[in-house]
């Protein structure tokens, strides 16, 4: 009898998932060949975003009898992994023992180990079964795995150890057992952080004390953000932890002051908004700074992006801003920039969070100034800013959408920041994806600029920037030039929060790009010209007037209607609307174009026999 393998795989999987022991036993008792059994028992079935075997699903559901039945079958691969979902996260290549530990199934952990499961069998990210047990603080499973020989110092893909995980979540019993059984206390992850850093970030005082008792010697170790454990606690606003380090006199006076100031700043972040508590820590730091031998601040001075706010120097200055939420937010930014430095990743996070909060309140001008500030600082530090430039234009778009038209000079400043970034993209040899993002952001910014023009001086200023942009000869990955993009129905308008503010195809942008020198006969990787692209837009999706205007502008600027793409099609042969067809068919083709087509069609030699300019002209028709 012919076996329906797919049907059989489904039956066994469902039985394993639902705990139907008797039914599974009866199905498997039908004397299938070994090859069929291997295929059925180890098949990964798609299930709610997962891809799992019968053994894995039985383990995750806690069906002990089914698991034992499957393990007793020689065809079952006990190390066959699957892609499982644990707490809404897909874990790739998770083996049955890992799943048992992650699902807190101690009895199945024991059973799988009894049947020979690899106790350190790792997932795709090198997470062993001990790791999820430490993550959950399941001390019974942790003890059993370690007693059976689990490697307590195995680090995952990012260098994170089981001790770090347990320390972060404050699982003190697990931390203690790991330390008692050989866990390396001061091992670093790929970010330079130790278990003490992780405990400080989690705000776990008891774990911190325990690690110190076991001899942790990493209080002065700095991670990749230049944070000691105390500064890491301050950055994550763990008040009790910072106070503990200060009380224990583990750091210098200046380090204590900076930790208190950073703590105050991080408490002011809009997500927390603990402004009164923030003020208390600023005052605590001020007292410590000027007690005895003063340690004056190295002030940055007033910063335009922060409303020209200058960081407070005295208690009286602090008292003067205590009722002003805006100034307290600016004080926090000034403190962060001084302590962390202008190019610090956490300073950028704080600033962007603050900008988002003010944008939510409708204060887009301040948000835009803040983002410009961090873009300038990051460009000086040669950091990527494509995400920030996109955020900058998103805020500007929101302004226009809400009928709050930004000042033209403000938008031009943003445009200049984007254009400046292209040279840096080239120097760093950035990925095509980053360059593509910046090209689309730049085009969109130019579209916004057109809506902000007040007089002839503004239009001349904008055209100067567009010419700069055009002269860069930029293309996206499919070979499209900026002109191709502005005449096409693209997803460029969907890259920003309020679609419809600048739409594509865009006749105004097309006109300006042509006027500023864009090549109307440029070709993408499929040899499509801008004219090919615009005529392929269906009239139901594109305003007929817009399409007509773009086609006419391209033709008037010298676009060739008889240029062929890689499919051998001219623009006339690509038309998708009667509007396009009517215009193109009535356009008179020049004698030069007719002759060029004849040369290509008849294979007449022309290379090195005519001028370079004429050679290029002929090739456009090839």
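Every number in this text was worked out from the coordinates using simple rules, so none of it is lab data. Keep in mind that what you see is a predicted model, and the values were worked out from it rather than measured. Don't worry about glycine lacking a Cβ; one is built from the backbone with ideal geometry, like all the others, and counts go over all protein chains shown.
Brief remarks follow.
- Between helix 544-556 and the chain: long-axis angle, C-alpha atoms, 0 to 90°, nearest 10: 60 degrees
- Between helix 591-602 and the chain there is an angle of about 60 degrees, using the helix long axis and the longest principal axis of the Cα atoms.
- Three-way shape label, region 345-413, alpha-carbon gyration tensor, a/c 1.5: oblate
- Calculated FRET efficiency, residue 353 to residue 27, Cβ-Cβ distance, R0 = 41 Å: about 0.15 to the nearest 0.05.
- Three-way shape call for the chain based on the alpha-carbon gyration tensor, with the a/c threshold at 1.5: oblate
- Ranking of 17, 105 by count of other Cβ atoms within 10 Å, fewest first: 17, 105
- Mean separation of Cα pairs under 8 Å and 6 or more residues apart, divided by the residue count, gives region 1-151 a relative contact order of 17 percent.
- Label-point gap, in nm, between residue 420 and residue 240 - each point 7 angstrom along Cα→Cβ: 4.6 nm
- Extension gain for the segment residue 363 to residue 93, taken as residue separation times 0.36 nm less the Cα-Cα distance, is 92.5 nm to one decimal.
- Taking the C-alpha atoms only, the angle from helix 364-380 to the longest principal axis of the chain is near 80 degrees.
- Burial ranking of peptide ranges 255-261, 506-512, 568-574 (average Cβ count within 10 Å, highest at the top): 255-261, 506-512, 568-574
- Whole-Å distance, taken between Cα centres, linking region 222-261 and region 262-323: 16 Å
- Ordering of 387-394, 245-252 by burial proxy (mean other Cβ atoms within 10 Å per residue, highest first): 387-394, 245-252
- Once the Cα-Cα distance is subtracted from the 0.36 nm per residue extended length, the residue 298 to residue 252 segment shows a gain of 14.8 nm.
- Panel order for 98, 158, by other beta carbons found within 10 Å of each beta carbon, from fewest to most: 158, 98.
- Residue order, fewest to most beta carbons within 10 Å, for 398, 140, 316: 316, 140, 398
- Listed peptides 318-326, 268-276, 50-58 appear in the order 50-58, 268-276, 318-326 once ranked by packing, highest mean of other Cβ atoms within 10 Å at the front.
- The chain, relative contact order in percent, only Cα pairs under 8 angstrom and at least six apart counted: 5 percent
- Over the chain: helical MRE at 222 nm, DSSP H runs n ≥ 4 each giving -39500 (n - 2.57), nearest 500: -17000 deg cm²/dmol
- Cα gyration tensor category, rounded, prolate or oblate, for region 1-151 with a/c compared to 1.5: prolate
- Pairwise FRET efficiency - residue 503 versus residue 456, Cβ, R0 = 22 Å, nearest 0.05: 0.30
- Using 0.36 nm per residue and subtracting the Cα-Cα separation, the extra length available between residue 184 and residue 79 on full extension is 35.0 nm.
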